[in-house]
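Quick notes on the structure that follows.
The values are calculated or read from the model by the stated rules, or taken from the named source; none is laboratory data. Keep in mind that this is a model prediction, so the values were computed, not measured. FYI the Cβ positions are ideal-geometry reconstructions off the backbone, even for glycines, and counts take in every protein chain you see.
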Amino acid sequence: MAKITRYDQRSSSSGSSSSFRSSNGDRETTQKKVASSRRKVKTGCRTCKIRRVKCDEGRPSCNRCFSTGRTCDGYGIFGGGGKPTSGDFMMSKKRSAVGVGYSPKNTPEFWSVSSTTEEKSYFEWFRLQTSKKVPGIFASSFWDQLILQATANDPAVLHAVLALSSIQKREVFFGKDSRDVQVNLLDSQESFMLRQYTKAIAKLQPHFSTKDRSSIRIALVTCVVFICLEYLQGHYRTAQTHFKNGLKLLNEIKVTDLIDQCILEEFTKLNVQVELLRLGYRHSCSVVQSTGTQLSQGTFHSTREARQNMDQILDQIFRLTEEVRKQGLENSPTPSTDQVDRQTLILTRLSGWLHTFHASKTKLQTPTLAHDKLMQAQVTMRDNFAYRVLRIWYVFATVMTSVAIWPGCEVKFDDHTSDFVSIIAQMIDLRAIVPATQKALYDTGNETTHSIFHIGLMPALYYTAIKCRVHRIRLQAVRLLEATSHREGLWDAKVFACAARKVMEVEERGFYADFADFDDFSIFEVPEQKDLDTPTLPDTYRVHEVEVVLPDSSTEGLQLVCRRRRDDGGWDTLNSKFDLTNHVWQDNYGWTDAS
């Protein structure tokens, strides 16, 4: 049966029109005329919609309005018309700060964004499930409001959203390994996803030709949805290709209002994901525009604002680390005065962030009243959880900054044992409230997906597992990762638990064989001093430049590359591959000379 969407009403099959047939011929004709009339005004500028006439959708103002002397009211959040695009579409700063989504009256009606039952169903799923779950624990204007308004204004965004909804719904009911079950049903969902993905790409082509501000916005919003979609499918390299292309496009415009700011914020958060993954080895940092957010003084008004400030500090950490690593590990360079000064400045900013964070505790854990008691409870639960996550980020960021100017000196991490214990202890506390938080935020009577789009806890846990050389602490971090089932963007717990355990085994090489009793503990027990009294892992055992190469499908396998310094000062490289299907590591060539 042919599909008829609101964006292509030129023809329909007899099967599609059969639902309108009636034994009364006049009634059938009338119904068709009404349906045809309605279809004509579903897209176009606001003025033509109100007048119920067909719009030619010209930019910046439609020709129909221009030729009749009327003021064209444009195409919603993506500009056009006689009215300037501004941040008026956004929530007020007060509402945006606490992340209270959109109100039902602002939600697009289904018949204005989709004309098939299947599309309507998936859009409803996106509105009620995907858009709430995917952003994670931090409030997001992009997912709370912008994306829904974008679907009502452009078909490329709509079709991308429907494709994402299909993938996310499949994961909810069948899990991340859904391809192994219900083949017929999954084939149907896969087919729907591919059709929508293809339509979204096709609808984007005119925007790539136009390349005005509204077209670039549409492309960027769609790009974010594509990245999320590919992450959910485990197509990490494809997602990174979308991300790089999106960054290039983003750098072609200057952020001027809240719409641009909202889009830029999403790319900034995505960049943090990528840079945390690449933190362990030499690489070039991605160039992302500054969000323009000033480091707050006094208090944070929301956990979102605290997160935005932390993201800025993290970017400074990434760039300092990149600059120092460019000098190479071979020379074990002594930090320059400038590098030490920059490190000191970042540590000072982190200290200021923590002071502001503590001063804001009451405000962050008691957000502004929402629409109703249920929503207020959800907002409070989300902000309480986000508050705890941010405390872990502070400790994580402090360790990263402290070692940033010593890239070839792994023993520097030994100075941060107490910080790693703090991360473990806070992780344990958080795990205790995860079930209640998930139920309050996402419980709709169904299983919820194990995936969110933005990072929360996984990078800090992985970092602890590969950089803390106290056996009990790192083993507990590995086990906590292994006990985690969800995915945070490109951070899949299953993948990074494998990588972390491999690094631990490669480094320790049986060094703690006589301390097997130390391995008998509950992952919910905070390490005590007696648990830490094991010999220090020698520097010659430790690996450097740990790089995890993510697969683009479940059949490719995970690749791990690391380096180790030899006694003669040279370097060896280990290149290992993990079969995600059979759960086996393959070290094809062992350690090879990398000098």
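Kindly establish whether residue 109 is surrounded by fewer than 24 Cβ atoms within 10 Å (Cβ to Cβ) and modelled with pLDDT of 90 or more.
Details: surrounded by fewer than 24 Cβ atoms within 10 Å (Cβ to Cβ): yes; modelled with pLDDT of 90 or more: no.
Answer is no for this residue.
Quick check on the range 217-229. Is at least one of its residues within 19 Å of residue 168 (Cα to Cα), assigned to a helix (DSSP H, G or I) and of a type in the set (Phe, Trp, Tyr)? Outline the logic, then answer.
Going residue by residue through the range 217-229, those that are within 19 Å of residue 168 (Cα to Cα) are 221-229.
Subset that is assigned to a helix (DSSP H, G or I): 221-229.
Still in the running and of a type in the set (Phe, Trp, Tyr): 226.
Yes, that holds for at least one residue.
Just to be sure, is residue 234 in contact (Cβ under 8 Å) with a residue 60 or more places away in the chain and not aliphatic (A, V, I, L, M)? Show your work before the answer.
On the way: in contact (Cβ under 8 Å) with a residue 60 or more places away in the chain: yes; not aliphatic (A, V, I, L, M): yes.
Yes.
Take residue 576 and decide whether it is within 23 Å of residue 459 (Cα to Cα) and modelled with pLDDT under 85. Give the steps one after another, and end with the answer.
Numbers: within 23 Å of residue 459 (Cα to Cα): yes; modelled with pLDDT under 85: no.
Answer is no for this residue.
Would you point out the residue of the range 174-197, among those that are modelled with pLDDT of 70 or more and under 20 Å from residue 128 (Cβ atoms), that is surrounded by the fewest Cβ atoms within 10 Å (Cβ to Cβ)? Explain how you work it out, then say what you get.
Start the filter on the range 174-197 by keeping residues that are modelled with pLDDT of 70 or more, which leaves 187-197.
From what's left, under 20 Å from residue 128 (Cβ atoms): 189, 192-193, 196.
Numbers: 189: 18, 192: 20, 193: 21, 196: 25.
Within the range 174-197, the match that is surrounded by the fewest Cβ atoms within 10 Å (Cβ to Cβ) is 189.
Could you tell me which of the residues 525, 556, 545, 507 is within 33 Å of the chain's Cα centre (by Cα) and assigned to a helix (DSSP H, G or I)?
507
Looking at (1) surrounded by 21 or more Cβ atoms within 10 Å (Cβ to Cβ); (2) more than 25 Å from residue 137 (Cβ to Cβ); (3) at pLDDT below 95, which is the one condition that is false for residue 474?
(3)
Is it fair to say residue 442 is of a type in the set (Ser, Thr, Tyr) and modelled with pLDDT of 75 or more?
On the way: of a type in the set (Ser, Thr, Tyr): yes; modelled with pLDDT of 75 or more: no.
Taking the combined requirement at face value, the residue does not satisfy it.
Got a number for residues in the range 474-504 being part of a loop (DSSP other than H, G, I, E, B), free of Cβ contacts under 8 Å to residues at least 40 places away in the same chain and not polar (S, T, N, Q)?
Filtering the range 474-504 down to residues part of a loop (DSSP other than H, G, I, E, B) leaves 483-486, 489-490.
Filter again for free of Cβ contacts under 8 Å to residues at least 40 places away in the same chain, leaving 484-486.
Applying the additional criterion that residues be not polar (S, T, N, Q) yields 486.
Going through the range 474-504 one residue at a time, the tally reaches 1.
Starting from residues that are in a helix (DSSP H, G or I) and of a type outside the set (S, T, N, Q), keep the ones in the range 528-542 and report whichever is surrounded by the fewest Cβ atoms within 10 Å (Cβ to Cβ). Spell out the reasoning first.
Here is the first cut: in the range 528-542, the ones in a helix (DSSP H, G or I) are 529-532, 539-541.
So of that shortlist, the ones also of a type outside the set (S, T, N, Q) come out as 530-532, 539, 541.
Numbers: 530: 8, 531: 17, 532: 16, 539: 12, 541: 15.
Restricting to residues being in a helix (DSSP H, G or I) and of a type outside the set (S, T, N, Q), the top hit is 530.
Could you tell me whether any residue of the range 279-291 is buried (at least 20 other Cβ atoms within 10 Å of the Cβ), under 30 Å from residue 334 (Cα atoms), among the small types (Gly, Ala, Ser) and at pLDDT below 95?
Within the range 279-291, one or more residues are buried (at least 20 other Cβ atoms within 10 Å of the Cβ), under 30 Å from residue 334 (Cα atoms), among the small types (Gly, Ala, Ser) and at pLDDT below 95.
Name every residue in the range 391-410 that is surrounded by 21 or more Cβ atoms within 10 Å (Cβ to Cβ) and either touching a strand residue (DSSP E or B) at 6+ places or on another chain (Cβ under 6 Å) or among the small types (Gly, Ala, Ser) (or both), in order of residue number.
Hits for the range 391-410 are 397, 404.
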